[in-house]
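Accompanying notes for the structure given below.
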Amino acid sequence: VREKYITKVFPKTTGKTIKEGLETNAKEIKVYTKDKNEVNETQIVGTGMQVELKLGKEIKIFTIVVTGDVTGEGQTDIKDIVKINRHRLHKITLEEENIIAGDVTGEGQVDIKDIVKINRYRLHKIL
């Protein structure tokens, strides 16, 4: 967990896996889509979805960041590469969680190195 984000989530992670992977003493954990619909256990989570932790009367909300998933679909594919490239060329502006997701090299920005690394992952050249 990084500040308000849950980062380094693997592509194709399910709602059940995200809940089981959290170390928390929360009484209740719920995962929601961007449209505020609750995610079921078998549904794949994507960048921008949210985890709600109920800690007694306190509720904490974290945004999920799936590595390489800038489209919010929960997987890393050619659409993510295209979106990163459009951001890099100043055609669109990515939201903060999408920039974190696209920064697979960990350099604090999304650039051609991230595109290359995502493509290598997509082609099963790296894990």
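Structural remarks
- Candidates V116, V39, V70, ranked by Gaussian network fluctuation over the chain, Cα under 10 Å, top entry: V116
- Qualifying GluC sites (Glu not before Pro) in segment 49-118, DSSP loop, other Cβ atoms within 10 Å at most 10: E107
- All-pairs Cα distance distribution in segment 4-75, expressed in whole percent, bin size 5 Å: 4, 19, 31, 27, 14, 4, 1
- Working from Cα pairs under 8 Å separated by at least six residues, relative contact order for the chain is 22 percent.
- Of the trypsin sites (Lys or Arg not before Pro) found in segment 1-68, the ones in coil according to DSSP and having at most 15 other Cβ atoms within 10 Å of their Cβ are K4, K12, K27, K34, K36, K57.
- Per-selection Rg to Rh, segment 49-120 - Cα, Kirkwood hydrodynamic radius: 1.09
- Volume per residue of the C-alpha convex hull in the chain, rounded to whole Å³: 106 Å³
- Segment 19-86, relative contact order [Cα under 8 Å, separation at least 6], %: 25 percent
Here, each number is a calculation from the coordinates, and none is a lab measurement. Values in this document were obtained by computation on a predicted structure and should not be read as measured data. Neighbour counts run over all protein chains shown; Cβ positions are idealised from the backbone, glycine included.
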